[in-house]
Ligand code: DGJ
């Protein structure tokens, strides 16, 4: 069989079949059109080892003497006895390649197992891989794991992944690659606050814009593992798999299982190159940020300025107050008003009502109509919060259908079955039960049909623990059923956008993003925390899909107090909005927020379509990140950068900070546009007797000078930021 070579955007993927099974022998830098005879890659055979070369297969397997983590674990029931066909000898039976997609079928006729693998190298360099295993035998086959893995080059010596918790999602951690397996396990039944959005291996000290990096992401919202497996012969594989519960997948003869997609990118220019590959793929999707209703050819509508009621009002819903808030929001320039939790039957706090998806008649005697009318007549879209996968014991639906509440037992809790420990006083509704699924679909569908709702904030606020259907582990089925719910509602209401929220950012992955239009990255609106959360969420997810709100002056989740300019500059580099009772805002502060809203509207096409740049600033107290238009248009804004001080710096002053990512031979005019001396936040922003020479009047230089020499930056106070605008000359 011929070698397959997929190439695009500086990346090559080479698959050899010389050993009889498919083997990725290179994933990394573009190798050009001509490859040598790959027989030259035959390895020496060491003493006291297998008497043959061991291929690192597309599905590494013990029958080839692979002693690292195998891709496939499973066994067959023969005459009802488990444990048969525990080892496969998969051999390639067919290959096909078209438009940078390779389809490879490998099979073991004796074991009755066939696996079809599909690998697509998208135009921007993002690789998408998945496997489908089919039970071709005559008895049931229990699948325990089917992983998708890729080899990384030997010069990858460091590993970076992300972790976190509620209000502190996506924080990086690094270690060197040593022999052994580094596994990040997610047993939350959802993606998880601590989930590693990205697992990246790279050359020593790889950074934002330097070093080689190989990175993977698993597109799955249920239990999962991501790992780097480094074995004794010096090879390292990275990848991931769905983490299946006890006997969750038993394939009957002819049955099949498809893995979640593994997305992967290679970059020779640090982490920014990885983001570029992901962003390019997101932005090439036909449905990327939903087109305006009725305009099917529109590539996507500008991301509207949002006002969300959560940190403004919490559960204190009251029509008059909400109309006042809508009035105030419209006056500021808000374009989408989202009514958060608290509007449905019995929901006066977070302990009751989930599942009763009817507008609460005692609070809203005339339904949501009057509020929606107030919102839409002021030129804003109306959005509504829902949490369809959850149920409170204190709800009419739980009382009527106790058997719809998920637990480990065959029996409902009313019949003596055990329930999982409560989490925010709530449980999970069993979407694997077709009646429960249909009830939820019908309720949300009715709400969308009966009300002028353009947007759903779809929340999910607990882990799926002891999660069973009819007494058997069912996270796998529940995840698929939840996906079906999203898909069916989207199909029925194609003009409605959906935001994925899960106690903030506990469900951020490309599986959920395939069926939603934005994610809520964190419940933390503290701008300092958000600098890190947004930076690392933005590794994979482009800013137009990451909700970022200006919260109250003193953060509700950390009690830190920040100037408006720091909060607004932070939110500007996402899908901008507010979560604040803006009725209280008057005078200069109100005028300043209005200016930020106008600024966001003026520049959102750039922020949501440009190239993300994160500088490697040696002074760890400073961040410099921005978005650069590609290509720059003379006279237009060519880039916006934020210089952010996270804490006091070591040196007296930051010195010259270089600005990478601009066109080297293009001239630029650089200005600090926020805050200016006329803004309320200006005095707070800096501690300096005299600003750098260029700050008052702006500076002109070409991209090469700015990247190599840089500009002396003002001395920012900690937890402050300045917004820099670059105009192309
Ligand atoms: C958790 C979300 O992350 C918040 O933004 C808010 O919607 C609350 N749930 C409402 O209960």
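The table below gives the values:
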read-out	value
Paramagnetic label zone (point 7 Å from Cα along Cα-to-C-beta, residue 327; backbone N under 13 Å) in region 559-597	583-584
Order of 214, 357 under a 10 Å beta carbon neighbour criterion, fewest first	357, 214
Mean Cα-pair separation over length for region 612-728, i.e. relative contact order, pairs under 8 Å, 6 or more apart, %	38 percent
Estimated distance in nm for a label pair at residue 450 and residue 361, the labels positioned 7 Å out from Cα along Cα-to-Cβ	1.1 nm
D_trans [Stokes-Einstein, Kirkwood Rh over alpha-carbon pairs] for region 3-284, 10 °C, 1.306 mPa s, µm² s⁻¹	82 µm²/s
Calculated FRET value between residue 514 and residue 181, using beta carbons and R₀ = 30 Å, to 0.05	0.55
Coordinate range along principal axes, alpha carbons of region 649-715, Å, largest first	36, 29, 18
Cα centroid of region 639-718 to Cα centroid of region 579-632, whole Å	15 Å
Separation of alpha-carbon centers, region 522-571 and region 321-393, rounded to whole Å	24 Å
Sum of -39500 (n - 2.57) over DSSP H runs of 4+, divided by residues of the chain (222 nm, nearest 500)	-5500 deg cm²/dmol
Ordering of 696-708, 557-569 by packing [mean C-beta count within 10 Å, highest first]	557-569, 696-708
Label-zone membership for region 539-562, site residue 589, 7 angstrom Cα→C-beta point, backbone N under 15 Å	550-556, 560-562
Span from the region 100-119 Cα centroid across to the region 422-496 one, whole angstrom	33 Å
Rg and Dmax [Cα atoms of region 306-520; Å; Rg one decimal, Dmax integer]	17.2, 56
D (Stokes-Einstein, µm²/s), Kirkwood Cα radius, region 304-387, 0.890 mPa s at 25 °C	191 µm²/s
Potential extension, residue 422-residue 101 segment - 0.36 nm per residue separation minus Cα distance	111.0 nm
195, 87 arranged by Cβ crowding within 10 Å, fewest neighbours leading	87, 195
Sequence-separation-based contact order of the chain, relative, with Cα cut under 8 Å and 6+ spacing, percent	10 percent
Ordering of 15-21, 541-547 by burial proxy (mean other Cβ atoms within 10 Å per residue, highest first)	541-547, 15-21
log10 of Debye I(q)/I(0), alpha-carbon scatterers only, for region 476-592 at 0.09, 0.14 Å⁻¹	-0.29, -0.64
Percent of C-alpha pairs per 10 Å bin, region 365-452, short to long	15, 39, 24, 16, 5, 0
FRET E, pair residue 52, residue 729, Förster distance 56 Å, beta-carbon r, rounded to 0.05	0.35
Residue 33/residue 696 FRET efficiency (R0 51 Å; Cβ-Cβ; nearest 0.05)	0.40
Normalised contact order of region 411-564, rounded percent, pairs of Cα under 8 Å and 6 or more residues apart	18 percent
Whole-angstrom Cα spans of the chain along principal axes, big to small	78, 68, 46
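Rule-based calculations on the coordinates, nothing more; no lab input. Here the structure is a predicted model, which means the values were calculated and not measured. Virtual Cβ from ideal backbone geometry, glycine too; neighbours counted across all protein chains shown.
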